[in-house]
Every structure is written in C-alpha cells, then in structure tokens.
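Undergrad: Below is one structure. I have some questions about it.
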Amino acid sequence: MTFAPRLLQCSADTLAQLSILCGLPVQSTKAARTQSLLDGLKIGAKLPTNMRVLAVDMGIKNFSYCQTVAKSKPTIEKWTKVDLNNEYGATFKALTSDPGSLIDSRRYLSHLAYNIVSTIIKDKPHLIMVETQRTRSNNMNSTLPNVLLNYTLENMIYAVLYTLKTDAVIIPMNANNMISFWLNRFVDKKSLGSNPKKLRIKLAFEWLAREDLRPFIFHNSLPPDFSSLSTPNKSRALLNALQMSPKEKVDDLIDSLLYALTANEIVTNQKKLARALEQDQDIAALVHNLNQNHLRLISRLAADGDVTLAKIYANM
C-alpha cells in the first residue's frame, strides 16, 4: 500500500508538524515533505517494537552514552560517562616518541574510536543516535583544537561502526535539533534565555522527580526527597544512583538521555503514523494528540515559569 496520496491530502502545516514529530527535516513543498515522510516510514518499519537504542554524546574526556530498550516505556539499561583517555589510553602502542606526532595522533584517535565502539555495541542496538559536532560555536570565527578533535573522533566512530558491520540504523543529530524537538518548537523563543543546557538539565530532573511525567523507566534508586533538592544536590544524587563520582558534571549525561528519548519518540511517532495511515485515521487529529502528549512532558517547565508556551499551544 502506498501512503503518498493520503499524505498529499494533508495540509502543508500538518505535513510540517509530522516531519518534526518523525525527526525529519521540514522540506519546502508538500511533495517533498510527503517523500521525506515516506522515507522515514521505511526506516521506522525496519525497527522492532522492542527496539534497543544507543545514544552517544560525543567527547574524549566526557564520552556519554545511554542505552534503552523499549518496553511499556523506554527502559534505561546503561547510562554512563567515560573518559576515553583513562579507559583505553594505556593500551595504545605508539610508533614514535613524539606525543604531537601526526602519525600517532590519528592512530590514537582511531584506537579510542575502535575500543569504545567495540564496547558499546556488544548488546547489538537496533538504532544508534550519534551527536553531530559543530566545527564552530558561540559565533567564533575559528575552530578550537578540542572541537576539531571531537569532530574527528565522531567521523572515526562512524567509520568503525560501518567497518564492524553493525546492522543498526545510525542517525546523526545535533544538540540544536534535539532541544528543538523537546522544547523550542512549543515555546516563545524570547523565553528560552541564554542557557539551553540549564533547561535541558531541569527538564530531565523534573522527569526523574515525578514518575507520572517520566517518559522512561529508571530502575536506579534516587532519594525520596529528590524533587525538593537543589539542582547541585539533584546532580550528586543522580551521579550516586549511577555509581559515578559526585565531582562529575551531569550535562553530558543528560544530553545522552535526551538523545536516546528523542530516538525512541521519533520511531514511535513513525509507527503511529503508519498505523493511522493504514487505518485511514484523521492525520491532523493524530498530530494534535501527539503534540498534546508531548506538551504534558514539558508542563512543569511552563508551570514554573522557566519557559512561556507559544500562543498556539498555550491552551492545548
């Protein structure tokens, strides 16, 4: 069955919102949006309902990853952060005595990439979401050396993933697209402020504090008074639950969780769209319901005044 005629009957706005919900770029024409959605549905159809997702937040000293398996909700199986130098550096065999040698610097990054990928794909994830590195940030005109290292590591990780012939669907996503999926598309842009990481951390902590809002299952024990703790103490409590040093930063951990949840959400939405098309359901109503459910997940940020919902969503 082809879904193209049914999708083309939808309004341009409905197709645009479906594209966002399914993790796809919003194309400029209805025909292009329809084709993009059809491509997304093909990917979603390849993935099982009990999908295992591995999400990676890139970094050499702060390589974070979160692995979930879909049950009634995505269930966190692994969630941690690794210093790749400490974890794998000691087993590297240099060819030269010069630590700045181009020969060994590239070999060393390749060594790190091969070892971390070999470790994280042991459970055979069905979908891997990898954080895409920007080569420039904060309006800078030059690329910082550390940014370039992470960019190079990212591409080496892709090479290793394909060399090891993992059957996983591999999806790149940058932080801007991820936070747009969860927050930006629903809120008044003036209310976002200048610290998006702070919002991401608070969103995750709200979910951890309230099981009724939590879009995932987390079996590790948190203190009963977690919701009333200050942000620094919430961070320490989470790190303790994950058996990590209380001195670690949590922002990379939180991003890896959000990437994993993004992957789960977009594939779930693709499957819901396919089912709605098969059953000839109202697609505009599906979009409304998906947005309404999503708004519930960010409701505490709006209620606490951290963000202001855009007028179109304020009364949903």
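The values are calculated or read from the model by the stated rules, or taken from the named source; none is laboratory data. All values derive from a computational prediction rather than experimental measurement. No Cβ is skipped: glycine too gets one built from the backbone with ideal geometry, and neighbour counts run over all protein chains shown. Heads up: the accessible areas ignore ligands, DNA and RNA and are worked out on the full protein's heavy atoms, side chains in. Shrake-Rupley method; radii C 1.70, N 1.55, O 1.52, S 1.80 Å.
Undergrad: Among the residues of the stretch 177-212 satisfying the criterion of being open to solvent by less than 10 Å² (accessible area, probe 1.4 Å) and outside any helix (DSSP H, G or I), which is nearest to residue 21 (Cα to Cα)?
TA: 183
Undergrad: Can you tell me which residues in the stretch 4-15 are in a helix (DSSP H, G or I) and surrounded by fewer than 17 Cβ atoms within 10 Å (Cβ to Cβ)? Lay out the reasoning, then the answer.
TA: From the stretch 4-15, those in a helix (DSSP H, G or I) are 4-8, 12-15; that's our starting set.
Once the filter is applied, which keeps residues that are in a helix (DSSP H, G or I) and surrounded by fewer than 17 Cβ atoms within 10 Å (Cβ to Cβ), the stretch 4-15 yields 4, 5, 6, 8, 12, 13.
Undergrad: Quick one: count up the residues across the stretch 213-235 that are part of a helix (DSSP H, G or I) and surrounded by 15 or more Cβ atoms within 10 Å (Cβ to Cβ). Break it down stepwise before answering.
TA: First, the residues of the stretch 213-235 that are part of a helix (DSSP H, G or I): 226-228, 231-235.
Now narrow it down to the ones that are surrounded by 15 or more Cβ atoms within 10 Å (Cβ to Cβ): 226, 234-235.
The total comes to 3.
Undergrad: If you don't mind, another one. Can you tell me how many residues in the stretch 107-165 are open to solvent by 50 Å² or more (accessible area, probe 1.4 Å), closer than 26 Å to residue 176 by Cα, modelled with pLDDT under 95 and in a loop (DSSP other than H, G, I, E, B)?
TA: Residues flagged as open to solvent by 50 Å² or more (accessible area, probe 1.4 Å), closer than 26 Å to residue 176 by Cα, modelled with pLDDT under 95 and in a loop (DSSP other than H, G, I, E, B) within the stretch 107-165 amount to 10.
Undergrad: Still on this structure: Looking at 75, 80, can you tell me which residue is among the polar types (S, T, N, Q) and farther than 22 Å from residue 161 by Cβ?
TA: After ruling out the rest, the residue left standing is 75.
Undergrad: Hey, could you check the stretch 236-247 for residues that are small (Gly, Ala, Ser) and under 17 Å from residue 76 (Cβ atoms) and say which is surrounded by the fewest Cβ atoms within 10 Å (Cβ to Cβ)? Before the answer, list the steps.
TA: Pass one, the stretch 236-247, residues small (Gly, Ala, Ser): 237, 241, 245.
Cutting the leftovers down to under 17 Å from residue 76 (Cβ atoms) gives us 237, 241.
Numbers: 237: 19, 241: 17.
Checked the stretch 236-247; the qualifying residue surrounded by the fewest Cβ atoms within 10 Å (Cβ to Cβ) is 241.
Undergrad: Return a yes/no flag: does the stretch 52-67 have any residue that is in contact (Cβ under 8 Å) with a residue 12 or more places away in the chain and part of a helix (DSSP H, G or I). Give the derivation first.
TA: From the stretch 52-67, those in contact (Cβ under 8 Å) with a residue 12 or more places away in the chain are 52-67; that's our starting set.
Checking the rest, the ones that are also part of a helix (DSSP H, G or I) come to none.
Looking for residues that are in contact (Cβ under 8 Å) with a residue 12 or more places away in the chain and part of a helix (DSSP H, G or I), one finds none in the stretch 52-67, hence no.
Undergrad: Could you tell me which of the residues 45, 55 is surrounded by 20 or more Cβ atoms within 10 Å (Cβ to Cβ) and within 18 Å of residue 126 (Cβ to Cβ)? Even if it seems obvious, please write down each step before you answer.
TA: Details: 45 fails: surrounded by 20 or more Cβ atoms within 10 Å (Cβ to Cβ).
Just a single option satisfies the conditions, and that option is 55.
Undergrad: I've got another one for you. For residue 243, are the conditions met, namely being over 21 Å from the mean Cα position of the chain (by Cα), modelled with pLDDT of 95 or more and of a type outside the set (Phe, Trp, Tyr)? Steps first, please.
TA: Numbers: over 21 Å from the mean Cα position of the chain (by Cα): yes; modelled with pLDDT of 95 or more: yes; of a type outside the set (Phe, Trp, Tyr): yes.
So residue 243 fits the description; yes.
Undergrad: Among the residues of the stretch 257-271, is any open to solvent by 20 Å² or more (accessible area, probe 1.4 Å), small (Gly, Ala, Ser) and either assigned to a loop (DSSP other than H, G, I, E, B) or under 20 Å from residue 200 (Cβ atoms) (or both)? Lay out the reasoning, then the answer.
TA: Let us first name the residues in the stretch 257-271 that are open to solvent by 20 Å² or more (accessible area, probe 1.4 Å), namely 265, 268, 271.
Now drop any that are not small (Gly, Ala, Ser), which leaves none.
Taking every residue of the stretch 257-271 in turn, none turns out to be open to solvent by 20 Å² or more (accessible area, probe 1.4 Å), small (Gly, Ala, Ser) and either assigned to a loop (DSSP other than H, G, I, E, B) or under 20 Å from residue 200 (Cβ atoms) (or both).
Undergrad: Among the residues of the stretch 72-91 satisfying the criterion of being over 10 Å from residue 62 (Cα atoms), touching a residue at least 60 places away in the same chain (Cβ under 8 Å) and touching a strand residue (DSSP E or B) at 6+ places or on another chain (Cβ under 6 Å), which is surrounded by the most Cβ atoms within 10 Å (Cβ to Cβ)?
TA: Restricting to residues being over 10 Å from residue 62 (Cα atoms), touching a residue at least 60 places away in the same chain (Cβ under 8 Å) and touching a strand residue (DSSP E or B) at 6+ places or on another chain (Cβ under 6 Å), the top hit is 74.
Undergrad: Here is a list: 274, 310. Which entry is of a type outside the set (S, T, N, Q) and either within 30 Å of residue 50 (Cβ to Cβ) or open to solvent by less than 10 Å² (accessible area, probe 1.4 Å) (or both)?
TA: Values: 310 fails: either within 30 Å of residue 50 (Cβ to Cβ) or open to solvent by less than 10 Å² (accessible area, probe 1.4 Å) (or both).
Only one candidate passes the filter, namely 274.
Undergrad: Can you work out which of the residues in the stretch 21-40 that are of a type in the set (A, V, I, L, M, F, W, C), surrounded by fewer than 19 Cβ atoms within 10 Å (Cβ to Cβ) and part of a helix (DSSP H, G or I) is farthest from the chain's Cα centre (by Cα)?
TA: 31
Undergrad: For the stretch 58-71, what are the residues that are touching a Pro at 6+ places or on another chain (Cβ under 9 Å) and open to solvent by less than 10 Å² (accessible area, probe 1.4 Å)?
TA: 67, 68
Undergrad: Of all the residues that make up the stretch 95-106, how many are at pLDDT 85 or above, open to solvent by less than 60 Å² (accessible area, probe 1.4 Å) and assigned to a loop (DSSP other than H, G, I, E, B)? Write out each step before concluding.
TA: Residues of the stretch 95-106 at pLDDT 85 or above: 95-97, 103-106.
Remaining after also requiring open to solvent by less than 60 Å² (accessible area, probe 1.4 Å): 96, 104-105.
Narrowing further to those that are assigned to a loop (DSSP other than H, G, I, E, B): 96.
The number of residues fulfilling the criteria is 1.
Undergrad: Answer yes if at least one residue in the stretch 286-304 is more than 22 Å from residue 72 (Cα to Cα) and of a type in the set (Asp, Glu), and no otherwise.
TA: So far as the stretch 286-304 goes, yes, one or more of its residues are more than 22 Å from residue 72 (Cα to Cα) and of a type in the set (Asp, Glu).
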